[in-house]
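Taking it in order: structure first as structure tokens, then the write-up.
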Amino acid sequence: MNNLNNLNHILLALLATLCTWALTALGAAMVFFFKEINQRLLNTMLGFAAGVMIAASFWSLLAPAIEMAENSSKIPAWLVAALGFLGGAVFLYLADKLIPHMHLNSKDGESEGVSTKLKRSILLVFSITLHNIPEGLAVGVAFGAAANGLNDITLLSAIAVALGIGIQNFPEGAAVSIPLRREGLSRTKSFLYGQASGIVEPIAGVLGAALVMYVQPILPYALAFAAGAMIFVVVEELIPEAQSGSHKSTHMATAGCIIGFTVMMILDVALG
């Protein structure tokens, strides 16, 4: 662990987010083995991803942000957390309104964002790419915080965030590529598009780490910002998509969410 601490934490953030992207690609590779995906399984995977993101938002981001603000900020800790959290949600709201995309269960003509003539398959990829912006940011901010030598966010805690995001990226990659195959794309194109949705994570991770390393006063705001962005994605997209289908499918989504939350909580508490 000491050897890792001696490395540049921006580099560590890059390596960690490259790993989370690789797990997205691994999940997307499932399209070479399956053409269809059971609706109950898809809902379970989306629910699992939602549970991981909810847990990471609190245990890895909001709680440390509040504790950090209490120890270092002249502004009330609750205000710091609230401003950062709302800022993250507003950022994703604006991105949702501006970036053209389409959800998995959307019908033709139901795209969101600015008007575009892009193909449905590209719009589906853009939708998942939106998910990955706050995920990469969360990992990067966590490693940037660890670089500042703060007890609230240790290197192990940052690794826990990366592990949690990576674990949920595997089913998320499959949840992108397999529906694209069902849309009529070849297996290769479905895989390439599916893994491409995760490329934004290393970019967001490096930016997040660099920002908080060199502008330390914004660290609690940045942690809360990442949490707000992740919760927006969960409530706006993951949960509604996971709850589509029959009652049995929605029950599986709920179970997946609870399991995902539990896995991320264990990772964060055990390692952090």
It is to be established whether one or more residues within segment 174-187 are farther than 27 Å from Glu36 by Cα and touching a residue at least 24 places away in the same chain (Cβ under 8 Å).
no
Filter segment 177-217 down to the residues that are within 28 Å of Lys74 (Cβ to Cβ) and open to solvent by 50 Å² or more (accessible area, probe 1.4 Å) and list them by number.
Leu207, Leu211, Tyr214, Val215, Gln216, Pro217
Suppose the filter is within 12 Å of Ala56 (Cα to Cα) and assigned to a helix (DSSP H, G or I); does Leu163 pass it?
yes
For Gly228: the one exception among (1) open to solvent by less than 10 Å² (accessible area, probe 1.4 Å); (2) at pLDDT below 85:
(2)
Exactly one of Leu11, Leu62 is in a helix (DSSP H, G or I) and either surrounded by 15 or more Cβ atoms within 10 Å (Cβ to Cβ) or under 13 Å from the mean Cα position of the chain (by Cα) (or both), and that residue is Leu62
Which one is surrounded by the fewest Cβ atoms within 10 Å (Cβ to Cβ) among residues in segment 117-131 that are modelled with pLDDT of 75 or more and of a type in the set (S, T, N, Q)?
Thr129
Answer yes or no: is there a residue in segment 37-47 that is modelled with pLDDT of 90 or more, open to solvent by less than 10 Å² (accessible area, probe 1.4 Å) and outside any loop (DSSP other than H, G, I, E, B).
yes
Somewhere in segment 94-116, is a residue part of a helix (DSSP H, G or I) and either closer than 22 Å to Arg181 by Cα or open to solvent by less than 80 Å² (accessible area, probe 1.4 Å) (or both)?
yes
Only residues that are closer than 27 Å to Ser60 by Cα and not in a helix (DSSP H, G or I): list them for segment 181-230, please.
Ser197, Gly198, Ile199, Val215
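The values are calculated or read from the model by the stated rules, or taken from the named source; none is laboratory data. On a predicted model such as this, the values are computed, not experimentally measured, just so you know. Reconstructed Cβ throughout: ideal geometry from the backbone, glycine too, with neighbour counts over all protein chains shown. For the accessible areas, the whole protein counts, side chains as well, though only heavy atoms, and no ligand, DNA or RNA atoms are used. Shrake-Rupley method; radii C 1.70, N 1.55, O 1.52, S 1.80 Å.
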